[in-house]
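The values are calculated or read from the model by the stated rules, or taken from the named source; none is laboratory data. Remember, predicted model here, so these are calculated numbers, not experimental data. As a convention, Cβ positions derive from the backbone with ideal geometry for all residues, glycine included, and neighbour counts pool all protein chains shown. Note: areas computed on protein heavy atoms with side chains; ligands, DNA, RNA excluded. Shrake-Rupley method; radii C 1.70, N 1.55, O 1.52, S 1.80 Å.
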Amino acid sequence: MEEAKAFLKEDVLSHLEMLEARSRSLALQQQEGLLQQERLAELRETVEVLQVSRDQLRAKIATGRVARQLEEESDTDDEDEESLSPDEETLMAIMNARVINLQNMLQVHRLAGFDIKVARPGRAVCFTVYTAFEGIYLDTYCLDVDIKQIQISRHNIPPHIPVAELAEQYLRQDIPTFLSMLSRHLNAYVGRKYQIDQIKEHFGGSVLIENTLCGMLILEYSTCCKGVEHKFIVALEYRDVTRCMPTKVTVTFTGEGSITVEKRQAQHCSLFQQTPAHTVLQMLKKKGHIIGKHTEQ
């Protein structure tokens, strides 16, 4: 009897030691996972900073030369208007030749993401900003800039993009920085909009709330944990309008909680923080985490 008790005690102690070892191992894994997430966030921020510096350098190379050339063209125009005879046909021929030369020069300075063309010779240029997300080219935006007054004369940029504020802050002092900041705003906006459009197309019933700037998105879908169906509600906040990824993610669920559903809640929250929303839904659907009417159409 005593031997049986001793054996049972040893078995219990051995089991407890095994559980304690597993607990320590899980704690270490969780800590390593948190450290990896922090490191990933730091690397993403570093990449964004480097991308901004790259865009500024590219734009500076193009716009610096273009601005100097346009100023020279404008000054020469003024001199020619005083010295030339009033023969309008001769003057028009000279201006047309200069426009062709200037356009040829501008084509040399075409860069990825930006394009610069003459809008009115010697007076205005047209900047074109190309936007893309995940390697897919999306919308194109244009704005004409008066080079004498250094101000925007017209554009087709959405009204919720702060183009006037950006122009006031950067346009006169640093055109490359202005273009870079404008490009960040536009690419972030079209990136958020693209995600919402993809969700509507493939998971139409999932979108509950969105706004014009695509700065808030609330999704709903059903998932099943151990035979119990739960409704997950995901709130994505994009407080940094120069980014296409959310700055805050909140995932809540209906029904009684359990270890399984809370673990799944944490997993989904982590995914939405690091991966575009439409891609997350596609991944969850493939894993069988989304059930019912919200599955892909």
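The magnitude of the dipole of the stretch 208-281, with charges of +1 and -1 set on the Cβ of Lys/Arg and Asp/Glu and taken from the Cα centre, is near 180 debye.
Could you give the dipole magnitude of the stretch 139-270 about its Cα centre, charging the beta-carbon of Lys and Arg +1 and that of Asp and Glu -1, in debye to the nearest 20? The partial results should precede the final answer.
Values: 14 positive and 15 negative charges, 48 e Å.
It comes to approximately 220 debye.
In whole percent, and with a 1.4 Å probe on the protein chains, what portion of the accessible area of the stretch 121-196 is carbon and sulfur? In the stretch 121-196, the share of accessible area belonging to carbon and sulfur is 50 percent.
Between residue 117 and residue 201, what is 0.36 nm times their sequence separation minus the Cα-Cα distance? Round to one decimal in nm.
On the way: separation 84, 0.36 × 84 = 30.24 nm, distance 3.62 nm.
Full extension from residue 117 to residue 201 adds 26.6 nm.
Available extension along the chain between residue 263 and residue 228 is 11.2 nm, counting 0.36 nm per residue and deducting the alpha carbon span. Sorting the segments 173-184, 241-252 by their mean number of nearby beta carbons within 10 angstrom, highest to lowest, gives 173-184, 241-252.
With a simple spin-label model that places each label point 7 Å from the Cα along the Cα-to-Cβ direction, the separation between residue 291 and residue 153 comes to 6.3 nm.
Overall dimensions of the stretch 116-161, expressed as equivalent-ellipsoid semi-axes from the Cα gyration tensor (√(5λ), whole Å, largest first), are 24, 12, 6. For the stretch 181-230, the solvent-accessible area works out to 38 Å² per residue, with a probe of 1.4 Å and every protein chain left in place. Positive contributions from Lys and Arg (+1) and negative ones from Asp and Glu (-1), summed over other residues with Cβ under 15 Å from the Cβ of residue 251, come out at +1.
How many angstrom lie between the Cα centre of the stretch 250-295 and the Cα centre of the stretch 174-190? Taking the Cα centre of the stretch 174-190 as reference, the centre of the stretch 250-295 is 33 Å away.
Highest mean packing comes first when the peptides 264-271, 185-192 are listed by Cβ atoms within 10 Å, giving 185-192, 264-271.
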